[in-house]
Amino acid sequence: MGRCIHSSKCLTCSTITNSQDLFYDLSIGFHEQSSVSNEQQKIFDLQSLLDQTFEWELLNNDNQLECNKCQTKQDGQRRMLLTSHPNYLILLLKRFVHNRLTGKYEKCLDQTTLPDTIRLLTTNETYETYRLKAIVVHHGLSMNSGHYYAFVLINDNDLKDKTHVNQIGWWLFNDTHAEHLTFENVLAHFQRFQSATPYVLMFEKQIEGLIICFLREK
């Protein structure tokens, strides 16, 4: 669990109002400017999607800001910043989008990058680093059906018995099936099954010493 500030700014009088909230996860939408295209489909850069989550969002037309100082709706902006970073960061990818023509929710099958680490901006313009720890997969085309399973990274810190070093690495947990994999196998899985997409991503907060050790191992 972390803490965040929601800031709203009126573009008429420049008044800024802030409110604080707790959050358990962050919902990440898909923005066209964060994608690159290959011959088959779009690929969204996860770090770019995350960065855009914290950028100023324009509020206009039917989505104007209710300004307390102007006493009326005005064009405005809003953004979110994190003031307290959780030890485990959960990202929910907004895979299901409402289609106004059909009235149904359709699944976005476009791929996202799965980087080893991501960065989160802090209020003092520095960054916290997080390492990918687990991936929850939704296999299917509908939000009302499908199959869920997970890829989980087990490292040395997770082992109570340090003699079981053969357990370190990525694992697939699918119902009663468990399998030891490389990260290349994990990435290849999403290439093989188009309707199997990362849905929930869990990242573990890193301290500077752990990052240096990880980079040396790489």
> What are the residue pairs meeting all of these: first residue in segment 4-30, first residue farther than 28 Å from R95 by Cβ, second residue of a type in the set (S, T, Y) and part of a loop (DSSP other than H, G, I, E, B), Cβ atoms under 8 Å, and 6 or more apart or on different chains?
Replying inline: K9/T15
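Residue-by-condition table, conditions (1) at pLDDT 90 or above; (2) within 23 Å of F193 (Cβ to Cβ); (3) of a type outside the set (S, T, N, Q):
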| position | (1), (2), (3) |
| --- | --- |
| L58 | yes, no, yes |
| E66 | yes, no, yes |
| C70 | yes, no, yes |
| L82 | no, no, yes |
| N87 | yes, no, no |
| R95 | yes, yes, yes |
| R100 | no, no, yes |
| L114 | yes, yes, yes |
>> Here's a check for you: in segment 132-154, which residue that is touching a Ser or Thr at 6+ places or on another chain (Cβ under 8 Å), in a strand (DSSP E or B) and of a type outside the set (A, V, I, L, M) is farthest from P115 (Cα to Cα)?
In response: H139
> Residues in segment 69-88 that are over 14 Å from T53 (Cα atoms) and assigned to a strand (DSSP E or B): how many?
Replying inline: 7
> Within segment 109-122, which residues are in contact with a Phe, Trp or Tyr (Cβ under 9 Å, 6 or more places away or on another chain) and part of a strand (DSSP E or B)?
Replying inline: Q111, T112, T117, I118, R119, L120, L121
>> Suppose we filter E125, E184, E106 for residues that are more than 30 Å from L81 (Cβ to Cβ), acidic (D, E) and either at pLDDT 95 or above or not in a strand (DSSP E or B) (or both); which single one remains?
In response: E184
> Among the numbered criteria (1) in a strand (DSSP E or B); (2) of a type outside the set (F, W, Y); (3) over 20 Å from L91 (Cβ atoms), which single criterion is violated by N157?
Replying inline: (1)
> Quick one: would you say T129 is surrounded by 12 or more Cβ atoms within 10 Å (Cβ to Cβ), more than 19 Å from F30 (Cβ to Cβ) and touching a Lys or Arg at 6+ places or on another chain (Cβ under 9 Å)?
Replying inline: yes
>> Can you list residue pairs whose Cβ atoms sit under 8 Å apart, with the first residue in segment 152-165 being among the polar types (S, T, N, Q) and the second being modelled with pLDDT of 75 or more and surrounded by 10 or more Cβ atoms within 10 Å (Cβ to Cβ)? Count only pairs 6 or more apart in sequence or on different chains.
In response: N155/I168
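For every residue, the table says whether it meets (1) surrounded by 15 or more Cβ atoms within 10 Å (Cβ to Cβ); (2) without any contact (Cβ under 8 Å) to a residue 60 or more places away in the chain; (3) more than 23 Å from F23 (Cβ to Cβ).
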position: N63; (1), (2), (3): no, yes, no
position: D75; (1), (2), (3): yes, no, yes
position: S84; (1), (2), (3): no, no, no
position: N99; (1), (2), (3): no, yes, yes
position: K107; (1), (2), (3): yes, no, yes
position: T112; (1), (2), (3): yes, no, no
>> Name the single residue that is surrounded by the fewest Cβ atoms within 10 Å (Cβ to Cβ) among those in segment 25-50 being over 22 Å from S195 (Cβ atoms) and modelled with pLDDT of 90 or more.
In response: Q47
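The values are calculated or read from the model by the stated rules, or taken from the named source; none is laboratory data. Keep in mind it's a predicted model, so treat the numbers as computed, not measured. Counting neighbours? That spans all protein chains shown, and the Cβs are built from the backbone with ideal geometry, glycine included.
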